[in-house]
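A.B. asks: I have a structure I would like to understand better, so I am pasting it below and will then ask my questions one at a time.
The values are calculated or read from the model by the stated rules, or taken from the named source; none is laboratory data. Nothing here was measured: the structure is a model prediction, and the numbers come from that model. Heads up, the Cβs are rebuilt from the backbone with ideal geometry, glycines too, and the neighbour counts pull from every protein chain shown. Areas reflect the complete protein model, heavy atoms only, side chains present, ligands, DNA and RNA absent. Shrake-Rupley method; radii C 1.70, N 1.55, O 1.52, S 1.80 Å.
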Amino acid sequence: MEYIPNILFAIVLILGIGYFVKNVKKLSRNIKLGKYLDVSDNKPQRWKNMAYIALGQSKMVKRPIAGLLHIIVYVGFVIINIEVLEIIIDGLFGTHRIGLKVLPTSVYGFLIGSFEILAALVFVTVVVFWLRRNVIKLKRFLSAEMKGWPKNDGNFILYFEMVLMTLFLVMNATDTTFQSLDSGNVISQFISPLFSGLSEGTLHIIERAAWWLHIVGILVFLNYLYFSKHLHILLAFPNTYYGKLTPKGQFPNNPTVTKEVQLMMDPNADPFAAPAEDENAAEPEKFGASDVQDLSWLNLLNAYTCTECGRCTSECPANLTGKKLSPRKIMMDTRDRLEEVGKNIDANGGKFVDDGKQLLGDYITNEELWACTSCNACVEACPVSIDPLNIIMQMRQYLVMEQSAAPMELNNMMTNIENNGAPWPYNQMDRLKWKDE
């Protein structure tokens, strides 16, 4: 009978980690639905970007208040969960605060005391975040795409963190052995009097209940990540590592189009000759992108990494002037469509069955795409190196080259360039007539 709690703990731990691994595999499968993209260049710079942006939170602090609050939650939540190692050992082997047996009391007290201070700071910070969302109601949290699940998801995460921090402090406050040490109970010593007058047996029950709820809550939160915007906790690191290194204004050229242009500009090329066959060159299935499978795996990683913070949309000049475009919605729509495709594959034995839907049209409209000024403000603002503009430009390319669905003004300009060698509707022979006016 004495081993039943240990067995139950092992079962809960295996189930929690097993379900997490299953979701990670599904996440990896979905990202790999995107097209291959080689981003193996300049590894030193990539490691540096990951260290500064993901680990160092360098872009978060560009908005000092939100940045500082986020750092407190980030550092606190990560460091506090170091204690999970002690909980796992205690749960599997039936020990109690194994740290006290392997570390000097002063060292153990310093660690737990640090955890308690961080837990209190995280709790206060999360309350401030909740107030910003639900009482102050910052404008970037009130956009149309932040209704329903996205709004609730943000609040659920805050509630999760409040509860986990509270359980940690209650667990310490009701542990009579720990409190008797008078070392490390920096915050819990002020909570402990709330339970005064209770019997030792009752305190033990409360402490055990808080202990179990804390570790189960962490496992539930771990598995909630896959369904939440909080997935960026894990994906911010690879996303910043693989982020764009070229200048933000530099757009990638389509190899097929580049080849045709080079051929046209070659003075030695025979314009009437049939193009040479290149066995290694594969003709693209389509120009640009109309669905998630047409995007690169990095675009799809970007979509899953999106924190829905809205910094991109709040900086977007098109959005600020009332246009329909929201870079945050572009990323959210891409992720939602990718999830839909993933569920389609799961439901059909590992194969995608055409559902008559696609990202372009069913999720993202032409109006949104053409509202973009390609200024890169959204890319610059993103705290985790997401590039919404790359997706927008690929979908624009599809509209222009596959559907000839560019706006009339743009079609006229391209026709003029083709016929007159300039964007204006004048014959090349008439170009200098303006000087006679």
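A.B. asks: Under 5 Å between amide H atoms, partner at least 5 residues away or on a different chain: which partners does Lys35 have, H built in plane at 1.01 Å?
C.D. replies: Amide H neighbours of Lys35, under 5 Å, 5+ apart: Leu295, Ser296, Trp297.
A.B. asks: Can you tell me which of 351-357, 6-12, 178-184 comes out highest on packing, and rank the rest after it, using the mean Cβ neighbours within 10 Å?
C.D. replies: Listed from highest to lowest mean packing, they are 178-184, 6-12, 351-357.
A.B. asks: Okay, moving on. Between the alpha-carbon centers of the stretch 1-20 and the stretch 172-186, tell me the distance in whole angstrom.
C.D. replies: 27
A.B. asks: Moving on to the next point. Using a Förster distance of 60 angstrom, determine the FRET efficiency expected from the C-beta separation of His204 and Leu234, and round it to 0.05.
C.D. replies: Calculated transfer efficiency: 0.95.
A.B. asks: Tell me whether the chain comes out rounded, prolate or oblate; compute the Cα gyration tensor, take square roots of the eigenvalues as a ≥ b ≥ c, and use a/c under 1.5 as the rounded threshold.
C.D. replies: Because a/c hits 1.5 or more and a/b exceeds b/c, the chain counts as prolate.
A.B. asks: Right, next: Can you give me the solvent accessible area of Trp130 with a 1.4 Å probe, rounded to the nearest 10 Å²?
C.D. replies: Looks like 70 Å² after rounding.
A.B. asks: Once the Cβ-Cβ distance between Lys324 and Val216 is put in as r, and R0 is 41 Å, what FRET efficiency do you end up with, to the nearest 0.05?
C.D. replies: 0.40
A.B. asks: Rank Gln403, Gln57, Gln262 by mean-square fluctuation in a GNM of the chain with C-alpha springs under 10 angstrom and give only the top-ranked residue.
C.D. replies: Answer for the Gaussian network model of the chain: Gln262.
A.B. asks: Most fluctuating residue of Ala66, Ala144, Ala54 in a GNM of the chain with Cα springs under 10 Å: which is it?
C.D. replies: Largest GNM mean-square fluctuation: Ala144.
A.B. asks: Shifting gears a bit: Order 288-295, 252-259 from most to least packed using the mean count of other Cβ atoms within 10 Å.
C.D. replies: 288-295, 252-259
A.B. asks: Which shape class applies to the stretch 127-221: rounded if a/c is under 1.5, otherwise prolate when a/b exceeds b/c and oblate if not, where a ≥ b ≥ c are the square roots of the Cα gyration tensor eigenvalues?
C.D. replies: prolate
A.B. asks: Apply the Karplus parameterisation 6.51 cos²θ - 1.76 cosθ + 1.60, with θ equal to phi minus 60°, to every residue of the stretch 54-71 and state each ³J(HN,Hα) to the nearest whole Hz, in sequence, with x for glycine and proline.
C.D. replies: Result, rounded to whole Hz: 7, 7, x, 6, 5, 8, 5, 6, 5, 10, x, 5, 4, x, 5, 4, 5, 4.
A.B. asks: Tell me the relative contact order for the chain as a rounded percent, counting alpha carbon contacts under 8 Å between residues six or more apart.
C.D. replies: Normalised by residue count, the contact order of the chain is 19 percent.
A.B. asks: May I ask you to derive the FRET efficiency for Glu2 and Ser180 from their Cβ-Cβ distance with R0 = 25 Å, giving the value to the nearest 0.05?
C.D. replies: 0.55
A.B. asks: Test of understanding: what is the full-extension gain from Trp47 to Arg431, defined as 0.36 nm times their sequence separation minus their Cα-Cα distance?
C.D. replies: So the chain would gain 133.0 nm between Trp47 and Arg431.
A.B. asks: Same structure again: Along the Cα→Cβ direction, 7 angstrom out, place labels at Ile89 and Ala347. What is the inter-label distance in nm?
C.D. replies: 4.8
A.B. asks: Can I ask one more? By how many degrees, 0 to 90 and rounded to 10, does the Cα axis of helix 408-420 deviate from the longest principal axis of the chain?
C.D. replies: 40
A.B. asks: Let me ask you something else. At 0.36 nm per residue, minus the direct Cα-Cα distance, what do Leu131 and Glu409 gain on full extension? Give it in nm, one decimal, please.
C.D. replies: 95.5 nm
A.B. asks: Quick one: what are the phi-derived ³J(HN,Hα) couplings along the stretch 75-82, Karplus 6.51/-1.76/1.60 with θ = phi - 60°, whole Hz, x for glycine and proline?
C.D. replies: 5, x, 5, 5, 5, 4, 6, 4
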